[in-house]
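Okay, structure first, notes after.
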Amino acid sequence: MFAYVVRRVLATIPVMGVVAVFVFALLRLTPGDPAIMIAGDIATEADIAAIRAKLGLDEALHIQFATWMWGLLRGDLGISIFSNLPVSRLIGQRLEPTLALTVTALILAVSIAVPMGVVAAWKAGTWIDTAVMSFAVLGFSVPVFVLGFVLILVFSLSLDWLPVQGYTPIREGFVPFLRNIILPSVALGVIYAALIARITRATMLDVLAQDYIRTAEAKGLATDQVLLGHALKNASVPIVTVIGIGIALLISGAIVTETVFAIPGLGRLTVDGILKRDYPIIQGMVLLFSGVYVLINLLVDLSYMFLDPRIRY
Amino acid sequence: MASTAIELTRPLARPEGGLRRTVRRHPTILIGGSILLLMVLVAIFAPLLGTVDPQAVAPARRLRWPQERWWFGTDMMGRDVWSRTLYGARISLVVGLGAALLATFGGLLLGLVTGFIRRVDAVLMRVMDGLMSIPAVLLAIALMALTTASVENVIIAIAIVELPRVTRLVRGVVLSLREQPFVEAATASGTGLARTLFKHILPNTIAPLLVQGTYVCASAMITEAILSFIGAGTPPNIPSWGNIMAEARSIFQVAWYIVLFPAVFLSLTVLAVNLLGDGLRDMLDPRLSRRM
């Protein structure tokens, strides 16, 4: 088992290596001069030269790569062109809102979608099943920001229950925090919930068709014990897998949700980075989010050992 | 004996009333297909549908709510939202279709190569794993930030984002097929690699690719709208659903109708493509249809 953990951890290194090389190559190997591209249309020769020096673009390619990798290994993501601050410090300042948003969306989505999927599979073919499946198709089709606008329109502008936008740090009070975070979390969580509900239903349908479920029912076990103790437990591996894979939807969605709800998080930092053509910020975000994504899926892989005792490596 | 031989070579009987039966069994194909067809017609015939120049600015009639003369109202620069929404359909459909075609053909090519050539497979699939670990919108942003904003570049960026998933799908099909007896028999009887690929492998990838292609199309439309919405997509001089919503974001509280109309059109179109994809999958892979 220990050998498996080590092997699985080592397997993430080439993946992150590819991401790092890709992010490096993206800027250097694009057709045209990246310094001119970043400087924009109204830049002077001096501006372009300054950007080139700042990004180290005037050095030889292999030296650039060595410097870049050495920096990365020490957690140095480069310096923002616009604000002149280290990208890692900018990320530190903006981390909390994004973390709060994605974690709330994750908790909401998982706690609603898994029961939905279980019930849909249990009542397969009934109107409940149809309702859950319709939710799943709709959830995939309505983009995050459209949903965000609709929620603002209904709950903030019409009903006046919740603030329109903004963010309150959790240390300034839990209730104000919750009032601000609830709409963006719902908007963000719906597509994720749609995915989880769909997979939960499909996996549960497979498991419920197994013989041991019939045995459990035949020996008179209560329905909830059959569903949760026997069926859901054995359906947990695919469900946990899709929860891990779906994190990518949350990350992509957070960038947009923060724009709609004016939340000063990493998504805003990314969008500002695009608008100001601050490429080191975008590179930093790609590396950070990919790293988080790979790490979460590593944990998901390792969790199989606990979820399914049959899995022994 | 002769009659048996004829029986064996005769093509299999097609089910009676093929098309009508298919549609009745899979209503989502009909629903999704009709909405999508409507959107395509709207996009093509936008100039004939009571529209004016979508870029025509008229400060005198800014922010008119939907009414008889301006069906969807006017925006903060007095532009007609009805016209802008209709013309915006062109961008969404072109990007959705373009990215789907590009990613599907690219993925087909790479999938066939990786499925048959071991050495390429090891390298290329590691690259694909790396690409897949970058969240889609973020990868598209990173690509768009390095090029000029244009519809062509948006299509290319989104196709690159979707490429790894298509490649994986095709590779999976190829890997499972190349061990099948009929492929081994073809190879044993002296069929060359190219011929095996085109006659035996390629036809079997079409059904899963068609389904995957519709999902790529739906996801490409959403990604395009997101890119335009955050200012990294279609240039502002071309109306797209994403940038119409982006421009109206700051005045959403007073004039939410400007955001609402493109939002409804976008959601409806993506829904149509998703329904079409679900229907196609049910039709082409009946084993899966009961479950998903």
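The values are calculated or read from the model by the stated rules, or taken from the named source; none is laboratory data. For clarity, every value in this text was computed on a predicted model and none was experimentally measured. Cβ placement follows ideal geometry from the backbone for every residue including glycine, while neighbour counts extend to all protein chains displayed. In case anyone asks, the SASA skips ligands and DNA or RNA and just uses the protein heavy atoms, side chains included. Shrake-Rupley method; radii C 1.70, N 1.55, O 1.52, S 1.80 Å.
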Cβ neighbours within 10 Å from other chains - mean over B:270-278: 3
Residue among B:ASN243, B:ASN153, B:ASN274 with the largest mean-square fluctuation in a Gaussian network model of chain B, springs linking Cα atoms under 10 Å: B:ASN153
Cross-link reach list, lysines versus A:LYS123, counting only Cα pairs under 16 Å and skipping chain neighbours closer than eight places: none
FRET efficiency estimate (nearest 0.05) - Cβ-Cβ, A:VAL6 to B:VAL254, R0 56 angstrom: 0.40
Probe 1.4 Å, protein heavy atoms only - accessible area per residue of the protein assembly as shown in square angstrom: 48
Linear extension gain, A:GLU172 paired with A:ALA50, 0.36 nm per residue minus alpha-carbon span: 39.8 nm
Label-point separation, B:PHE45 to B:ALA185 (7 Å along Cα→Cβ), nm: 5.1
Cα-based reach from A:LYS54 at 27 Å (exclusive), listing lysines while leaving out same-chain residues under 8 positions away: A:LYS276
Residue mean of other protein chain beta carbons inside 10 Å, A:247-256: 5
B/A buried area, accessible surface, summed, 1.4 Å probe, Å²: 4100
The range A:205-310: trypsin sites (Lys or Arg not before Pro) in DSSP coil with no more than 14 other Cβ atoms inside 10 Å: A:LYS219, A:ARG310
Choice from A:ASP206, A:ASP129, A:ASP224 showing the highest fluctuation, given a GNM over chain A with Cα pairs closer than 10 Å: A:ASP224
Helix-only mean residue ellipticity at 222 nm for chain A, each DSSP H run of n ≥ 4 adding -39500 (n - 2.57), per residue, nearest 500: -24000 deg cm²/dmol
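Can you check what the net charge comes to around B:MET221, using other residues whose Cβ is under 13 Å from the Cβ of B:MET221 (Lys, Arg +1; Asp, Glu -1)?
-1
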Reach of A:LYS233 by Cα under 14 Å, taken over aspartates and glutamates that are not fewer than 8 positions away in the same chain: A:ASP206, A:ASP224, A:ASP308
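Inverting the mean 1/r over all pairs of different Cα atoms, compute the Kirkwood radius of the range B:109-221 and quote it in Å.
15.5
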Hull shadow area, averaged, chain A [alpha-carbon convex hull, nm²]: 21.1
Helix runs (DSSP H) in chain B reaching 27 Å along axis by Cα, Kyte-Doolittle at least -0.5: B:81-116, B:151-177, B:202-229, B:257-284
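Rounded to a whole number, what % of the accessible area of the protein assembly as shown do carbon and sulfur atoms account for, probe 1.4 Å?
68
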Between the range B:185-201 and the range A:90-136, the alpha-carbon center distance in angstrom: 47
Percent RCO, i.e. relative contact order, over the range A:52-167, from Cα pairs under 8 Å lying at least 6 residues apart: 9
Zero-based 10 Å bins, Cα pair distances in the range A:1-149, whole percents: 8, 21, 22, 23, 16, 8, 2
Debye-sum result for the range A:2-73 in log10 I(q)/I(0), which assumes one identical scatterer on each alpha carbon, at q = 0.12, 0.18, 0.20 Å⁻¹: -0.45, -0.77, -0.88
Where GluC sites (Glu not before Pro) in DSSP loops with at most 10 other Cβ within 10 Å are excluded, longest remaining stretch of chain B: B:180-292
Spacing of the two label points (7 Å from each Cα toward its C-beta) at B:MET77 and B:SER34, in nm: 3.8
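Per 0.36 nm of contour for each residue apart, how much would the distance between A:ASP58 and A:ILE36 grow if the chain were fully extended, relative to their Cα-Cα spacing?
6.6 nm
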Net charge, B:VAL183 excluded, C-beta distance under 13 Å - Lys, Arg +1, Asp, Glu -1: +1
Loop sites in the range A:41-76: trypsin sites (Lys or Arg not before Pro), DSSP, at most 14 other Cβ within 10 Å: A:ARG74
Gaussian network model of chain A, springs between alpha carbon atoms under 10 Å - residue of A:ALA11, A:ALA235, A:ALA197 with greatest fluctuation: A:ALA11
Cα-based shape type of the protein assembly as shown, given that a ≥ b ≥ c are square roots of the gyration tensor eigenvalues and the cut on a/c is 1.5: rounded
Whole-percent pair-distance distribution, where bins are 10 Å wide, for the alpha carbons of chain B: 6, 22, 27, 22, 13, 6, 3, 1, 0
Cut-off 19 Å (backbone N to label point 7 Å along Cα→Cβ of A:ASP224), residues of the range A:98-118: A:111-118
